[in-house]
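Contents: one structure, followed by commentary.
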Amino acid sequence: MRFNRTDSPTYLASQLARGFSRALQLRAAKLGFSAGQFPILLELWDEEGLTQTRLLEKIDIEQATMANTLSRMERDGLIERRPHPSDKRAQLVFLTDKARAMKEDALAAASAADDELFAGFRRFEKELMLEYIRWAIDNSRKL
């Protein structure tokens, strides 16, 4: 059996993810964050004071990746960690003023990256693509 990359949804999805990451990274670097930090920023812009465990549940990445990313974000002045009031082992993650201030520009950067990836798509084609991507993601979470 011969594997054809251009017929493999798994391969193509990984290429699409890399393309989005590149498109966002170019813009994000100018704003002071990385594409890998964007999902964490999104969650914290919605709700601050989450534990690392809660962020892991929401974002669905490896624990080591989360720990390293949070450490870099703390180093770069994007987040601060505070002791959990009732769990001595846990810390709560909060945004800094710097991270709060970049929200609108960061969301605009992500939108511009989306627009680049969907250039040439008609509205209904983009909506269908998004529906199919969500469907595939839901299926992947059942694995």
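The values are calculated or read from the model by the stated rules, or taken from the named source; none is laboratory data. It should be emphasised that the depicted structure is a prediction, and the values quoted were computed from it without experimental measurement. As a convention, Cβ positions derive from the backbone with ideal geometry for all residues, glycine included, and neighbour counts pool all protein chains shown. With ligands, DNA and RNA removed, areas are computed over all heavy atoms of the protein, side chains included. Shrake-Rupley method; radii C 1.70, N 1.55, O 1.52, S 1.80 Å.
Evaluated with a Cβ-only charge set (Lys, Arg +1; Asp, Glu -1), segment 95-143 carries a dipole of roughly 240 debye about its Cα centre, given to the nearest 20. Pairs from the table (LYS98/LYS126; LYS103/LYS126; LYS98/LYS142; LYS88/LYS142) lying more than 27 angstrom apart at Cα are LYS98/LYS126; LYS98/LYS142; LYS88/LYS142. Compared with the alpha-carbon gap, the fully stretched path from GLN63 to ARG18 is longer by 14.1 nm at 0.36 nm per residue. Looking at the chain, identify the longest residue range that excludes and avoids all GluC sites (Glu not before Pro) in DSSP loops having at most 11 other Cβ atoms within 10 Å. Value returned for the longest uninterrupted segment is 63-143. Once the mean 1/r over all distinct Cα pairs of segment 96-142 is inverted, what Kirkwood radius in angstroms do you read off? Hydrodynamic radius (Kirkwood, Cα only) of segment 96-142 equals 12.7 Å.
When only alpha carbons of segment 1-54 are considered, Rg and Dmax amount to 15.9, 50 Å. When you filter the trypsin sites (Lys or Arg not before Pro) in segment 1-84 for DSSP loop state and at most 16 other Cβ atoms inside 10 Å of their Cβ, you are left with ARG2.
Cross-link partners of LYS58 among aspartates and glutamates, defined as those whose alpha carbon lies under 15 angstrom from its own and excluding same-chain residues fewer than eight positions apart: GLU43, ASP46, GLU47, GLU48, ASP138. In this structure the chain gives 70 Å² per residue of accessible area when probed at 1.4 Å with all protein chains present. Checking every one of the trypsin sites (Lys or Arg not before Pro) in segment 107-136 against DSSP loop status and a limit of 12 other Cβ atoms within 10 Å picks out ARG122.
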